[in-house]
Amino acid sequence: MSDTASPPSPALVARVEDLGKSYGTSSTRVDALRGVTLGLRRGEFTAIMGPSGSGKSTLMHIMAGLDSPSSGRVWLAEQEIGGMTDAELTLLRRRRIGFVFQSFNLVPTLDIEGNLLLPFELDGRRPDPEERAWIDRLETLLGLGGRLRHRPHELSGGQQQRVAIARALATRPDLVFADEPTGNLDSRTGREVLELLASASREHGQSIAMVTHDPIAAGYADRILFLADGVLVDDRPRLPAAEISSIMLAMEAAA
Amino acid sequence: MTGRVPGLLVAALGSAFGVALLQISGALTATAEADPDVGASATVGTLLTALALVFMAIAVYVGAIVTVNTVATVVAGRARRIALLRLLGSSAVAQRRAIAREGLITGAVGALLGAVLGTLAARGIVEVGVALGWLPRPAYGWASPALAVPVVAVVLTTWLSSWLGSRRVLTVTPLQALGSSEQLSAEEVRARPVRNATAVVLAVLGTAVLLLGVGVGLVSPLGVLIGVLGGILSFSGLVMGAHLVMPPALALVGRLLGRGAAGRLAAANARRHPERSSRTTIGLVIGVTLVTMFGVAIESFRRMVEAAQAAQPDVYQGIGPMLDATTAVFSVLVGFSALIAGVGLVNSLSLSVLQRTRELGLLRAVGFSRSQLSRMVLAESAQLTITGVLVGLLLGGFYGWCGAQALLGSAPGVGTLIPPGIPWTVLAVVVVVAAVLTVVAAAAPARRAARLSPVAALGVE
């Protein structure tokens, strides 16, 4: 926004610099992130991996404008978001970021169509014809066509995740965050969901950041970032699940 | 238990009201007996006590509905914890008994507290009356065995309502402790053919009897007795079938809340637990119906008197101020049950927002602003209040007019159907109180919803 020490590269959709986050007071202080610097490339499907307590969720929350950093700087595209007010972050999440959580992604009182259109409604508008065409396409692509009038509880877990993905993609956000999107699914349904995310990135150039501790899930990503104890420890291109698994095991053994 | 404070408050209010009524009527009876003009007739005392008991019963009944609702809401929110205890080997019946026992204790403490407060209030009111010279100092001891009636009634109804409200405990399975079911599915509106049929029969039959009373009233004032019977029957049917009437009414009012995301979600939220919203609003309906009924009846009565007065001016001399005083006294007495219903509404909304923390986090994540969340809660509150008040006003207007018509339709100079009188003062007070209730009920939960950190809310199970 204001002075940019290092000008953001157009190839990066999000970036953090020397990011720190701590909780609690001096005596009970927990450092969730300790000086993380990284950038997510536009159009890529990036997995952020790490054992429990590695800080991967905290990193996602801050990059997605859900939480604020204790130190360091955060950009979404060319805009610095670290010091934004709550109102500015709300608009940012509504318009430029999509979310897929592990569970409880959908508003139970709204039907599927209502959930998909929620980000637009929050802006007090209806999707324009181009956006409407995109949403229709997503509905077809994700096989939701016949269920638009259903309520979330009438859908299976896998179907609910598909709706969540469709909602996250509907506004064509700069970046979609997926937090353990397959954590609650059986493995076959989980693979389908991962395939959907990968193809959204591959075919539509959607930038996606997925937080996971599942090597199989990370195996679908173009790039894998490894976090441990609040620092970035490794940065790899696409890897087979078995190799990811052995890196994770090595990290656990070192800890 | 989150419902403890409101439970205690409802029990204390019910008991305080009952005790105060009995104390005041006791003091008034003592005064009347001392007055040589009124004489030692027992009629005044009996009449006052009977009236006190009727108003007390209404308040205790509304209090019981509120307690059932509070307990049911708390149980719904505690499903996970109950499931864990079930998993560890506790039986559902034992869990339910524990909740009922809690209700018994809450009821007992609240009722005794209320008895003390009610006596103090009654003494205060009588002292004011004496100081203003309205009545002589009564020779009354402020302790009578009859005072046990409201106290015992409140304890027993609180106990019973806790038992009824905890029925859902039986549906919680140990498996629910193992996750997977974070979102409790909406309480199913169980098919209850017997209850539904009874409610419909009572409402239809009651209304027919009520109209018959109005018809008979055109020729004889005895029509009012038929009318009262019809009124009690039809209103019982309505309260029994609240789960059939209130959700559509809520839906109708919900459409008025606007088409924005906050308004639409609020409308959906107020209807997501039809049972719960029905119970939340029916107390308010009872209070507002009764207040409006007396208001409209007395106002219609006044109109008929004016019509009759033209014919026989001397008979109806000086009746105006007496009618005003009667309206005021009855409104306060009946309005008290609306106050108890208000406590229930405040509590119900707080609990339901508290139980939706996770969902509020999700809404914040997808782009609800703080003010949109506050507006959503306010709109929910408005929907509940407005629906209760509107239904109450309509019903009260109808009953009040029927009552006046049945009693006075045959009076000389009337002899026909006349339009209902509108008690503007009463209506204005009802609307203002409803607006205040809407804001009060929404204040705390709206603030909570707005302050919530999205990350913390998303982490809540």
In whole percent, what relative contact order does chain B give with Cα contacts below 8 Å and a gap of six or more residues?
21 percent
Once each part is reduced to its C-alpha centroid, what is the distance from the stretch B:320-382 to the stretch A:179-255 in angstrom?
47 Å
Ordering B:424, B:401, B:159, A:75 by the accessible surface of their heavy atoms, 1.4 Å probe, largest first, yields B:424, B:159, B:401, A:75
Determine the order of A:226, B:398, A:104 by accessible area, beginning with the largest, at a probe radius of 1.4 Å.
B:398, A:104, A:226
Students sometimes get this wrong: rank A:29, A:126 by accessible area, probe 1.4 Å, all chains present, largest first.
A:126, A:29
Please calculate how many Å² of accessible area the stretch A:1-107 carries per residue, with a 1.4 Å probe and no DNA, RNA or ligand atoms counted.
40 Å²
Counting Lys +1, Arg +1, Asp -1, Glu -1, what net charge surrounds residue A:106 among other residues with beta carbon under 10 Å of its beta carbon?
0
For a quick protection proxy, order the peptides A:131-137, B:12-18 by their average other-Cβ count within 10 Å, most packed first.
B:12-18, A:131-137
So how exposed is residue A:26, as accessible area in Å² (1.4 Å probe, rounded to 10)?
110 Å²
So with the 1.4 Å probe, I'd like the accessible area per residue for the stretch A:202-245, rounded to whole Å².
42 Å²
After finding the eigenvalues of the alpha carbon gyration tensor for the stretch B:27-154, what semi-axes result from the square roots of 5 times each, listed largest first in whole Å?
45, 14, 12
Leaving ligands, DNA and RNA out of it, work out the accessible area of residue A:220 with a 1.4 Å probe and give it in Å² to the nearest 10.
50 Å²
Need one number: nm distance between label points at residue A:148 and residue A:131, each 7 Å from Cα along Cα→Cβ, rounded to one decimal.
1.6 nm
Helix-only mean residue ellipticity at 222 nm, the protein assembly as shown, DSSP H runs n ≥ 4 weighted -39,500 (n - 2.57), per residue, nearest 500. What is it?
-21500 deg cm²/dmol
Result for interface chain B to chain A, accessible surface buried in total, 1.4 Å probe, Å² to 100, stands at 2400 Å²
Using 0.36 nm per residue, how much length does the chain from residue B:50 to residue B:173 gain when fully extended, once their Cα-Cα distance is taken away?
39.5 nm
If you take the Cα atoms of chain A, find Rg, then find the Kirkwood Rh from the mean of 1/r over all pairs, what is Rg/Rh?
0.97
Could you check the simple spin-label distance between residue A:192 and residue A:235, using points 7 Å along Cα→Cβ, in nm with one decimal?
3.6 nm
Principal semi-axes in Å for the stretch B:103-256 [√(5λ), Cα gyration tensor, largest first]
39, 32, 15
Once you list every other residue whose beta carbon is under 13 Å from the beta carbon of residue A:192, what net charge do they have if Lys and Arg are +1 and Asp and Glu are -1?
+1
Net +/- balance of residues flanking residue B:297 in space, Cβ distance below 14 Å, scoring K and R +1, D and E -1
0
Provide the FRET efficiency to the nearest 0.05 for the residue B:323-residue B:5 pair, computing r from the beta carbons and using R0 = 41 Å.
0.55
Can you tell me, using C-alpha contacts under 8 Å and at least 6 residues apart, the relative contact order of the stretch B:210-339 as a whole percent?
19 percent
At a temperature of 25 °C and a viscosity of 0.890 mPa s, determine how fast the protein assembly as shown diffuses translationally according to Stokes-Einstein, using the Kirkwood radius over alpha-carbon pairs as Rh; express D in µm²/s, rounded to the nearest whole number.
84 µm²/s
Answer in debye to the nearest 20: the dipole magnitude of the stretch A:176-221 about its Cα centre, from +1 Lys/Arg and -1 Asp/Glu charges placed on Cβ, is 120 debye
Tensor-based shape of the stretch A:169-255 (alpha-carbon gyration tensor, a/c under 1.5 rounded, otherwise prolate or oblate):
prolate
Tell me, what % of the accessible area of the protein assembly as shown is carbon and sulfur with a 1.4 angstrom probe?
65 percent
Accessible area of residue A:122 in the full protein assembly, 1.4 Å probe (Å², nearest 10)
10 Å²
Give the calculated FRET efficiency between residue B:222 and residue B:251 to the nearest 0.05, with a Förster radius of 41 Å applied to their Cβ-Cβ distance.
0.50
For the stretch A:1-125, treating each Cα as an identical point scatterer without solvent, what Debye log10 I(q)/I(0) comes out at q = 0.10, 0.19, 0.20 1/Å?
-0.38, -1.17, -1.24
At a threshold of 8 angstrom on Cα-Cα distance, excluding pairs fewer than six apart, so keeping six or more, what relative contact order does chain A reach in percent?
27 percent
Rounded FRET efficiency, nearest 0.05, which uses the C-beta distance separating residue A:213 from residue B:80 and R0 of 30 Å
0.80
Give me the accessible area per residue for the stretch B:260-409, probe 1.4 Å, as a whole number in Å².
31 Å²
Can you list the residues in the stretch A:73-107 whose accessible area drops by at least 30 Å² when all protein chains are present, compared with the chain alone? Use a 1.4 Å probe, heavy atoms only.
A:86, A:90, A:93, A:94, A:101, A:103, A:104, A:107
Counting every C-alpha pair in chain B, the percent lying more than 38 Å apart is 30 percent
Rounded, prolate or oblate: which fits the stretch B:219-319 when a ≥ b ≥ c are the square roots of the eigenvalues of the alpha-carbon gyration tensor, with rounded for a/c under 1.5 and prolate only if a/b beats b/c?
prolate
Please give the per residue volume of the convex hull enclosing the alpha carbon atoms of the stretch B:262-343, rounded to a whole number of Å³.
116 Å³
In the stretch B:237-278, accessible area falls by at least 20 Å² from chain alone to full assembly (1.4 Å probe) for B:259, B:261, B:264, B:265, B:268, B:272
The size of the Cβ-based charge dipole (Lys, Arg +1; Asp, Glu -1) of chain B about the Cα centre, to the nearest 20 debye, is 2420 debye
Rounded to the nearest 10 degrees, the helix B:4-34 long axis (Cα) sits at an angle to the longest Cα principal axis of chain B of 10 degrees
Hey, rough spin-label estimate for residue B:97 and residue B:120, points 7 angstrom out along Cα→Cβ, what's it come to in nanometres?
3.7 nm
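The values are calculated or read from the model by the stated rules, or taken from the named source; none is laboratory data. Model, not experiment: these values are computed from the prediction. Counting neighbours? That spans all protein chains shown, and the Cβs are built from the backbone with ideal geometry, glycine included. Please note that ligands, DNA and RNA were not included when accessible areas were found on the heavy atoms of the full protein model with its side chains. Shrake-Rupley method; radii C 1.70, N 1.55, O 1.52, S 1.80 Å.
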